[in-house]
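A quick write-up on the structure given underneath.
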Amino acid sequence: MTNAEQRIRWLLLVIKLPADPSRHRVAVWREPRKIGALSLGQGIWAVPEAPVFADGVQRALDLIDSAGGQGVTLRASGRSPEDASRFREMFTAARSADWAEFLADCGKFEAEIDEEVRIAKFTLAELEEEKQSLERLRRWHRDLTARDVFGAPEAAEAGTRLKQCTAICEDYAERSSARCTRVTRTPCEPSACRPLLPRCGPCARCTRRGSPPPSARTASPPTSAASPRTPSPRCWSWTVCPPWTTAPKCC
């Protein structure tokens, strides 16, 4: 053990709360868990005395005061090198459990994108959802890195897996963008569309948009067998247009 490790000091948070209402106890105990504090017993939590934990400890103290309880903070260190080492191992083991959970979520993220690729589900909505999941992993990784003051062995693997998740998401984003923009349009040209109404406007599938003329608003659908097409809610004319070629529906 190095001299720096021997000089590590710990901050103990001793909490005493009234039995009722229980919501105060839940709110107070959520804060030590959120910052990765080590539970030493009923109402006793410990964290290394480092700036990264200061805000969380203060939030817990504020909640204790508002709940009418009592909170005490104490500085402590191992009485012997063996005690200091054991305390550090307990804290690092808790961080290892956090990293293991993070790695499991990385695996779920990769598996989800692999499934979307397998079924060719390249939608903008799905892409946005995957980006949000990746951002959640990034925030989680930052929080765990800040709390892992002793450096758990799983931290390096977690960093590598996050980079892999980022690369997979970027590849999925490129595929989704390419699929959603790969649309070959054949706009209705005057020579290509055969109007079935006097001076029909652009049909719903044309790239152009406009207000329907009065004749199109009040006209009835054609009954000609040569043009069985009926207008969509967005189409205000009956025309026969060249066929469209589109990629699989994606947006």
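Put a dot 7 Å past each Cα toward the Cβ at GLN164 and ASP83; how far apart are the dots in nm?
4.3 nm
For a Förster distance of 30 Å, can you work out the FRET efficiency between the beta-carbons of ALA156 and ALA50, rounded to the nearest 0.05?
Working: r = 21 Å, r/R0 = 0.69.
It comes out at approximately 0.90.
Which of rounded, prolate, oblate describes the range 101-147, given a ≥ b ≥ c as roots of the alpha-carbon gyration tensor eigenvalues and a/c under 1.5 marking rounded, otherwise prolate only if a/b is larger than b/c? If you can, show how the numbers build up before the last one.
On the way: a/c = 5.50, a/b = 1.96, b/c = 2.81.
Cα axes put the range 101-147 in the oblate bin.
With a ≥ b ≥ c taken as the square roots of the eigenvalues of the C-alpha gyration tensor of the range 1-121, please select rounded if a/c is under 1.5 and otherwise prolate if a/b is larger than b/c or oblate if it is not? Don't jump to the answer; show the numbers that get you there.
On the way: a/c = 3.07, a/b = 1.37, b/c = 2.24.
Because a/c hits 1.5 or more and a/b fails to exceed b/c, the range 1-121 counts as oblate.
Using a ≥ b ≥ c from the Cα gyration tensor of the range 7-77 (square roots of the eigenvalues), is it rounded, prolate or oblate, where a/c under 1.5 gives rounded and otherwise the larger of a/b and b/c decides, a/b for prolate?
Values: a/c = 2.07, a/b = 1.84, b/c = 1.13.
Since a/c reaches 1.5 and a/b is larger than b/c, the shape of the range 7-77 is classed as prolate.
Calculate the spin-label point distance for ARG9 paired with ALA104, positioning each point 7 Å from the Cα along the beta-carbon direction, and give it in nanometres.
Label at ALA104, label at ARG9, 3.7 nm between them.
Give me the extension gain from GLU135 to LYS16: residue separation times 0.36 nm, minus the current Cα-Cα distance, reported in nm with one decimal. It would help to have the intermediate numbers written out before the result.
Details: separation 119, 0.36 × 119 = 42.84 nm, distance 3.68 nm.
The span from GLU135 to LYS16 would gain 39.2 nm if fully extended.
Can you spot the lysines whose alpha carbon is less than 27 Å from LYS34's alpha carbon? Ignore those fewer than 8 places along the same chain.
The reachable lysines, counting only those whose Cα sits under 27 Å from LYS34, are LYS16, LYS108, LYS131, LYS163.
Within the range 35-100, which trypsin sites (Lys or Arg not before Pro) sit in a loop by DSSP and count at most 14 neighbouring Cβ atoms inside 10 Å? Could the numbers behind the result be given before it?
Values: sites: ARG59, ARG75, ARG79, ARG86, ARG88, ARG95; in loops: ARG79.
Passing sites in the range 35-100 are ARG79.
Only Lys, Arg, Asp and Glu count, each charged at its Cβ (+1, +1, -1, -1), so figure out the dipole size of the range 95-181 about its Cα centre, rounded to 20 debye. Intermediate values should be presented prior to the final figure.
On the way: 14 positive and 20 negative charges, 41 e Å.
Roughly 200 debye, rounded to the nearest 20.
Going 7 Å from the Cα of ASP143 along its beta-carbon direction, which residues of the range 46-66 have the amide nitrogen within less than 13 Å of the resulting point?
Answer for this model: 56.
Once the piece of chain linking LEU74 and LEU40 is laid out straight, how much longer is it, given 0.36 nm per residue of separation minus the C-alpha distance between them?
On the way: separation 34, 0.36 × 34 = 12.24 nm, distance 1.35 nm.
Additional length available on full extension: 10.9 nm.
Throughout, read-outs are computed from the coordinates displayed, never taken from laboratory work. Model, not experiment: these values are computed from the prediction. Cβ atoms come from the backbone with ideal geometry, glycine included; neighbour counts cover every protein chain shown.
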